[in-house]
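The values are calculated or read from the model by the stated rules, or taken from the named source; none is laboratory data. Nothing here was measured: the structure is a model prediction, and the numbers come from that model. Cβ sites come from the backbone with ideal geometry, for glycine too, and all protein chains shown count toward neighbours. When the accessible area is computed, the model is the full protein with side chains, heavy atoms only, and any ligands, DNA or RNA have been set aside. Shrake-Rupley method; radii C 1.70, N 1.55, O 1.52, S 1.80 Å.
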Amino acid sequence: MTSAASPSSDVKLSCRNIWKIYGPDPNQYFTNRNGNIGSDEDASKHAAVIRDADHIVASANVSFDVHVGEIFVIMGLSGSGKSTMVRCLSRLVEPTAGEILLDGSNLLDINKEELIEFRRHKMGMVFQNFGLMPHLNVVDNIAFPLELQGMGQDERRKQAQEVIELVGLEGRESSFPSQLSGGQQQRVGIARSLVVKPELWFLDEPFSALDPLIRKQMQDEFLRLQRELHKSIVFITHDFMEALRVADRMAIMRDGEVVQIGRPVDLILNPADSYVREFTNDVPWELVLTAGDIADTSRKRAKGMGQISKNTNVATLLPYLADHEAGVVVLDENDKDLGVVNARNVVAALASGVMDPAQVTE
Amino acid sequence: MSKSSHLPYWIALLIVTLILHFFPGPFSALVKYPDSLVLGLTDPMNDAMRWFVDLFGPLFKAIGWLLEWPIKLAQWVLALLPWSVTCVIFMALAYAASGWRLALFALISLLYMACIGYWPQSMNSLAIVLISVPMAIGVGFAFGVWGFRSARAKRLIMPLLDLLQTIPAFAYLLPILILFGFGTTVGLVSSILYAFPPMVRNTILGLSSVSPTLIEAGEISGANDRQLFWKVRMPAARNQLLLGVNQTTMASLSMVIIASIIGGTNDIGWEVLSTMRKAQFGESLLAGFVIALMAMLLDRISYGFATQDRRQLSAGSKPKLPHYVAAAVVILWLLSLVIPFLAVWPEALVIDPAPAMNLALENFILNWRIALETIKNSAFFFLMLPVKIGLSQAVSPFTWGFALTPILVAIYAAICLAAAAWLYLSRKAGAAVALLIFAAFAYISLTNIPWIALLALFVLLSYQTSGTNLAIGTALGLGFLLVAGVWPQSVLSLYLCGVAVLISFSLGTLIGIWAAGSALVSSIVRPIIDTLQTMPLFVILIPFVMIFKIGEFTALLAIIAYAIVPAIRYTEHGLRNLPADIIESATTLGCTQRQLLMKVKLPLALPAIMLGLNQTVIYGIGMLVITALVGTNGLGQRIYIGLGDGDFGVGMTAGIGMAIIAIIADRITQSVSLKRQQKLGLKMDIL
Ligand SMILES: Nc1ncnc2c1ncn2[C@@H]1O[C@H](COP(=O)(O)OP(=O)(O)OP(=O)(O)O)[C@@H](O)[C@H]1O
Ligand SMILES: [Mg+2]
């Protein structure tokens, strides 16, 4: 497990050494409730031992932090334990061992009433198969969490109306789930998860059941919502491209273990092993790599060079570089000079996936 | 399912059967079960019951007294309500459940009840149903929730339901009659007991098939346990629960009608029965028609609610309906105070077509006597008698026109052996042995076959279809029949039911195949079998008993009419719901329609068809008991006698015997279907 640079904001949710074992007697494997087995290697060995004893290891020693306002993506193949992980975070599934710290206090210590209170106010979740109440219309589905809190009908409908506008479902208020398309149903699911104004927002493969075109559109809307709302998000997907689009940082899981955590570009440029590289192979890098990722700090700017923001992706940059042999200066948000990029850097980075252009022999 | 591995056992069975039959010698105890080995179970059972009644009788009497009040209340209310008001209420219900057409049907049905002069009797029966349905639903729902919550409770409840649903309806009445004494409570209690199991099943099924995502969504939304149950699980299971209500309602009505057999109640079931006994078939048919209408109406209304789309429900399409109905009720009630016609249907307007019908029937029977007799006699001589007493006795100059000389017997044996040899040579050894066993049984007959051979036949069949467990179960069950001394009656029941089931199944399968191939046939057959299925059992008896009088032939026809329903339904369903890709690929391979049916569709539909056989058997047994009313011999008759004499032991041993036969037949046929399903990788459910 390699760790990577984290954003500067505070940690909202932190999970430490989470284990989830299914089987006849999972508890026998843990003397220590905090799930700390030792080094990553020790943990892997421990997981292997448990597996050999005919238990299913759905999560093994998973640790990561989610920062305030961050979109943290968990990515992995089917059965790798993504859903289990996010269900542990919401305690829909009780972890066998480990700690989940929310704003510094352990979520696993609170009792049932507190948990219900917590879910009613701090947490929202979106499901792959929507999970809409078939007997309630759109408004009442969205207002359902408020109804459970005992809020009066007028008040909760009013609040539901606000999120309905947020997700663009105006006019469908009195439709029933069976009358809506998949995309519209998921909008209802999203609205329902937002109606309690949660701080934590969990999405378990929210767009996997949708057509590719609708999926793209929903991803855009999701990003737009997040720009407005600044939630702390755990987003599950098995689609690497989706992960790249939405993630601030992401974790890749295999057989219940986290293989690598980092920014998308870190994973692309420095895959931890062949499993991660498998995903990155098909990635259209020119869309993912930005000028900032490949800026060559060792070169100095020359007179007459153009300037460009560090977020410009390589695909946009290449035609320009083709005509400008010397390259272009890369600037960050504060117009600070990050270095220079020329066509040669770009080609080298695309071809080798090596981040440091200085290693490219000329 | 290869017979070959079990073949030696079957051959042994054949040989032993023949030896025992022709040379019983010292083994006569194996041919006819010796009386000395029959345990007198009836006396101890009666003693135990007496002891129980002595001990708890007052308690049950008290409960019965309590239960009488709601019935009296309901009957009083329904009697008080002007018929016009009742009509409006039912029409409104029908409209809310389904629409105008059903409302119209409700109106016509209720008008029929009024103008045929059976209004009070109809309302009395309805009152018991109205009281028993909520109680059965309450009991069923409670058990259902319990079974859903606790796996252990479910393991306890399920076999109990199996038992309750296989014990023939008649047999319920006896202990209840003894405990509660004569009166309307017997109908109520027995109908609750008979009607609550489907509610339990549907409750468990509905609650546990709510999608896990929905539950998680509820939890995440912050639902506590109570909210999770009432606001998520219950609404999501609504339709399944209402389907339970529908089935419970139908079972309740059916039992209320059956319960009127104990008499003393002024209800519509009693009307049918007493007129039937007096051979007033016109009256009996008219009253039976009331029951039929009531059954269809209750079924359509409750089914309408169960399958209703939620959109219609809450989209507010009929928000004003309750107001209109309330207004109509009040107005009609007030009007009926001034216009007596609206309150009580006037005597003068009662139509009585019964005498005319009786006359017409007499004429019909007179005119067609020869044809009817021919039908009846040929069925009797060439089918029923041979099965019952064997070719050896059934063939006589009087019946078949010639005597069964030793030469003929030899020819019969030779033909059978030749056919078997031919089958054997075409590598169908199993079929050869089956043919020989069948031939031997046909010659000797069910009633004359050595008991040990019949027992061995069923044990072997159980062993082959399912395995050791069922074989042991079958041996024990049949052992009980022997020891309890009801073997001869059981064999008689087996004979009648067996013949009926064979005919129903063959005929039903053919009709099902036909209906699967033709939309027209299907659209004609469907409503008929739907109606037959909702009919309380003894209504089905009426037309047959009218034409053929009492007797086994009438019973046979009635059983066939009822048991043919699942055979048709499952065959058609099985053939119509095959995987489309298989049919397409077979068609592209160049199958003709005929080949498609014989080589692709039928083999694939076999599990469904076998499940149809299973249900045919169950339906057949259900009807068999009722046919005791038209004078059949066998277990049904003993239950009936027990009921008449209040003899708990006699009735109960027969009732248990019937349940045993039903369970064995159910398990054997079900495991055949299961095996086919597993082999084909298909899954079938009871429709
Ligand atoms: N209740 C359970 N009992 C036993 N095993 C379970 C249970 N729930 C999950 N598992 C197992 O845990 C493993 C991880 O499952 P999980 O649903 O978390 O995978 P996933 O990554 O979400 O897969 P998918 O992409 O298919 O949703 C799987 O091997 C699964 O079979
Ligand atoms: Mg998942």
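See the values below:
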{"read-out": "When residues of the range B:194-214 are limited to those that are of a type in the set (Ser, Thr, Tyr) and under 24 Å from the mean Cα position of the chain (by Cα), the one nearest to the other protein chains (Cβ to nearest Cβ)", "value": "B:Thr203"}
{"read-out": "Qualifying residues in the range A:266-276 (those that are at pLDDT below 85 and part of a helix (DSSP H, G or I)) - the one surrounded by the most Cβ atoms within 10 Å (Cβ to Cβ)", "value": "A:Leu267"}
{"read-out": "Number of the condition not met by A:Lys216 [criteria: (1) open to solvent by 60 Å² or more (accessible area, probe 1.4 Å); (2) within 16 Å of ligand 1 (Cβ to nearest atom)]", "value": "(2)"}
{"read-out": "Hits in the range A:88-129 (condition: in a helix (DSSP H, G or I), more than 14 Å from every other protein chain (Cβ to nearest Cβ) and surrounded by fewer than 16 Cβ atoms within 10 Å (Cβ to Cβ))", "value": "A:Asp109"}
{"read-out": "Only one of B:Ala628, B:Ala665 that is farther than 20 Å from B:Met276 by Cα and open to solvent by less than 30 Å² (accessible area, probe 1.4 Å)", "value": "B:Ala665"}
{"read-out": "Top-ranked residue of the range A:243-265 - restricted to ones that are open to solvent by 30 Å² or more (accessible area, probe 1.4 Å) and either part of a helix (DSSP H, G or I) or over 30 Å from A:Glu162 (Cα atoms) (or both), ranked as farthest from ligand 1 (Cβ to nearest atom)", "value": "A:Arg263"}
{"read-out": "Residue under evaluation B:Val600, criteria (1) buried (at least 24 other Cβ atoms within 10 Å of the Cβ); (2) at pLDDT below 85; (3) under 19 Å from B:Trp514 (Cα atoms), criterion not met", "value": "(1)"}
{"read-out": "Looking only at the range B:509-524, and only at residues there that are at pLDDT 90 or above and not hydrophobic (A, V, I, L, M, F, W, C), the one that is surrounded by the fewest Cβ atoms within 10 Å (Cβ to Cβ)", "value": "B:Ser523"}
{"read-out": "Given (1) surrounded by 14 or more Cβ atoms within 10 Å (Cβ to Cβ); (2) at pLDDT 90 or above, index of the condition B:Leu73 fails", "value": "(1)"}
{"read-out": "Search result, residues across the range A:137-150 that are at the interface with chain B (Cβ under 8 Å from one of its Cβ atoms) and in contact (Cβ under 8 Å) with a residue 12 or more places away in the chain", "value": "A:Asn137, A:Phe144, A:Pro145, A:Leu148, A:Gln149"}
{"read-out": "Residue check for B:Ala29: over 31 Å from the mean Cα position of the chain (by Cα) and under 30 Å from B:Gly642 (Cβ atoms)", "value": "yes"}
{"read-out": "Residues within the range B:238-270 that are within 14 Å of chain A (Cβ to nearest Cβ) and either surrounded by fewer than 21 Cβ atoms within 10 Å (Cβ to Cβ) or under 25 Å from B:Leu629 (Cα atoms) (or both), tallied", "value": "4"}
{"read-out": "Lone qualifier among B:Leu93, B:Leu110 - being buried (at least 23 other Cβ atoms within 10 Å of the Cβ), outside the structural domain of B:Glu283 (by TED's automatic domain parsing) and assigned to a helix (DSSP H, G or I)", "value": "B:Leu110"}
{"read-out": "Candidate set: the range B:215-237, residues that are assigned to a helix (DSSP H, G or I) and under 37 Å from the mean Cα position of the chain (by Cα); chosen: the one farthest from the other protein chains (Cβ to nearest Cβ)", "value": "B:Phe229"}
{"read-out": "Sole residue being within 16 Å of ligand 1 (Cβ to nearest atom), out of contact with any Pro (no Cβ under 9 Å at 6 or more places or on another chain) and at negative phi, chosen from A:Asn61, A:Asn129", "value": "A:Asn129"}
{"read-out": "Some residue of the range A:229-242 being within 14 Å of chain B (Cβ to nearest Cβ), open to solvent by 10 Å² or more (accessible area, probe 1.4 Å) and not β-branched (Val, Ile, Thr)", "value": "no"}
{"read-out": "Helices (runs of 4 or more DSSP H) lying entirely in the range B:340-404 (those with 2 or more residues that are in contact with a Pro (Cβ under 7 Å, 6 or more places away or on another chain))", "value": "B:340-343"}
{"read-out": "Any hit, the range A:76-87, residues being open to solvent by 30 Å² or more (accessible area, probe 1.4 Å) and away from ligand 2 (no atom under 16 Å from the Cβ)", "value": "no"}
{"read-out": "Residue within the range A:310-327 that is part of a strand (DSSP E or B), under 29 Å from A:Ala251 (Cβ atoms) and free of Cβ contacts under 8 Å to residues at least 60 places away in the same chain present", "value": "yes"}
{"read-out": "One residue from A:Ala209, A:Ala302 being away from chain B (no Cβ under 14 Å), part of a loop (DSSP other than H, G, I, E, B) and open to solvent by 20 Å² or more (accessible area, probe 1.4 Å)", "value": "A:Ala302"}
{"read-out": "Considering residues of the range A:157-197 that are away from chain B (no Cβ under 14 Å) and among the aliphatic types (A, V, I, L, M) only, the residue nearest to A:Met218 (Cα to Cα)", "value": "A:Val167"}
{"read-out": "All positions within the range A:130-180 that are small (Gly, Ala, Ser), surrounded by fewer than 17 Cβ atoms within 10 Å (Cβ to Cβ) and not in a helix (DSSP H, G or I)", "value": "A:Gly150, A:Gly152, A:Gly168, A:Gly171, A:Ser174"}
{"read-out": "B:Ala475 vs. criteria open to solvent by 20 Å² or more (accessible area, probe 1.4 Å) and outside the structural domain of B:Thr632 (by TED's automatic domain parsing)", "value": "yes"}
